[in-house]
Amino acid sequence: MRTALPNWCALVVTETTATFEKGRTEHDLPDIVIDVHAHTIPQTFLAAVGRDHRFRVRVEQRGPSLWLVHDEGYGYPVTPDFYDASARLTALDRMGVDAAVLSPSPTLFYYSADPRFAAEVAHLVNDGQAAMVAGNPSRLHAMGVVPLQDTEPAIRELERCVDELGFAGVHIGCTVGGESVFSPAREAFFRRAAELGVTVFVHPAYVGPRPGLEQYYLTNLVGNPVETTIAIGNAIFSGLCERLPGLRLLFAHGGGFAPYQIGRFDHGFRVRPESRVALTHPPSRYAPRLFYDTITHNGQALAYLVATVGPEQVLLGSDAPFDMADPDPVKSVRQCPLDDRARRLILGGNAAALFGWSNPKSEVRHG
Ligand SMILES: [Zn+2]
């Protein structure tokens with residue numbers, strides 16, 4: 001269901017999304033900071049992985065730190081802010097963030113697992129998400145995961161996330177079983193997400209070894225933004241954004257390389273017939289209908305993103321608590337050459353509008 005519109009902002013339900021009316025002044029905007037890209041590893045997951053080899057991950061104690069080590073060979077420390085609400089609130093305070101939309105780590109997607117097991121994992125993870133935000137409903141909000149390798153169970157879990165658990169949206173990967181997440185097999189899922197009016201956060205998962213990415217952590221530094229770029233290319237060129245104008249897609253890491261290459265997308269659309277098979281307008285018409293987080297690690301890149309897609313489409317993100325996170329995302333936005341209205345939209349106004357939170361500041365301060 002679509003959440004009731006906030007009373008403190010003027011929303012315009014366009015053919016694509018609900019966004020702030022472009023003519024509103026900064027005096028109409030809420031003064032709030034919301035992090036929409038922040039991860040968890042719920043306690044329900046940590047408690048279950050040791051009991052079942054199908055998770056293909058183990059919890060290790062390394063000195064004072066807890067680590068998750070995956071069978072593929074990669075691992076990372078699991079600090080308490082991943083799974084403990086009060087530690088997370090302390091971390092938000094440290095970053096100057098009022099509220100966060102918490103999404104499970106992409107390593108919890110389980111798209112390669114047996115579909116029935118993946119559905120169990122999604123259920124378990126989402127119950128953990130609900131428990132983590134339950135005590136702090138004004139500051140902590142949850143997104144869920146869905147077993148996308150099978151569309152019907154994915155739709156059922158999406159509906160449970162929205163209707164039963166009250167989540168702000170769902171968190172999905174860029175690929176499922178080696179194909180684009182936006183392949184026609186999953187159109188029914190995205191159609192249902194559009195009907196429900198929920199935000200779908202699209203995030204690259206573990207890319208794995210690929211030629212040229214073996215060293216220097218390029219699997220993440222290059223591979224992750226490439227995955228997101230491919231996802232945006234498929235979302236636009238497949239015509240999905242055209243067919244489902246109400247679908248709210250939020251892309252990680254500033255949209256990868258897609259905003260920087262939108263001119264190339266348009267040129268291809270003009271000169272190559274295969275780029276027009278499912279699309280009637282140039283790709284640059286659809287890029288400003290998608291949402292993007294601020295995680296570019298570069299003020300000029302962020303300013304370019306905002307100029308390209310519009311300040312109404314960009315939302316504060318940190319990627320905390322991973323080491324690739326922006327350690328001070330609020331400062332990154334404040335130092336970016338933006339006008340005051342754009343800054344306030346990006347820091348939290350857009351997120352509050354997107355998720356339909358009314359009077360967020362007063363709720364946050366008393367949460
Ligand atoms: Zn992330």
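The values are calculated or read from the model by the stated rules, or taken from the named source; none is laboratory data. Bear in mind that the values here come from a model prediction, so they are computed numbers and not experimental data. Please note: Cβ atoms are built from the backbone with ideal geometry, for glycine as well, and neighbour counts cover all protein chains shown.
In table form, for the structure just shown:
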read-out: Answer residue from the range 82-109, given it is charged (D, E, K, R) and within 20 Å of the chain's Cα centre (by Cα) and is surrounded by the most Cβ atoms within 10 Å (Cβ to Cβ) among those; value: ARG88
read-out: 2 or more residues of a type in the set (Val, Ile, Thr) and at pLDDT 95 or above: qualifying helices (runs of 4 or more DSSP H) within the range 85-194; value: 115-134, 151-159
read-out: Failed item, numbered, when VAL207 is tested on (1) closer than 23 Å to GLU120 by Cα; (2) of a type in the set (A, V, I, L, M, F, W, C); (3) within 15 Å of the ligand (Cβ to nearest atom); value: (1)
read-out: Complete set of residues in the range 265-289 that are free of Cβ contacts under 8 Å to residues at least 60 places away in the same chain, closer than 19 Å to VAL309 by Cα and charged (D, E, K, R); value: ASP266, ARG285
read-out: Scan of the range 323-332 for residues that are assigned to a helix (DSSP H, G or I) and away from the ligand (no atom under 15 Å from the Cβ), ordered by number; value: VAL330, LYS331, SER332
read-out: Selection within the range 210-228 - within 16 Å of the ligand (Cβ to nearest atom) and either touching a residue at least 24 places away in the same chain (Cβ under 8 Å) or not β-branched (Val, Ile, Thr) (or both); value: TYR217, ASN220, LEU221, GLY223, ASN224, PRO225, VAL226, GLU227, THR228
read-out: Residue match in the range 181-200 (condition: crowded, with 17+ Cβ neighbours inside 10 Å, aliphatic (A, V, I, L, M) and over 26 Å from ALA100 (Cβ atoms)); value: no
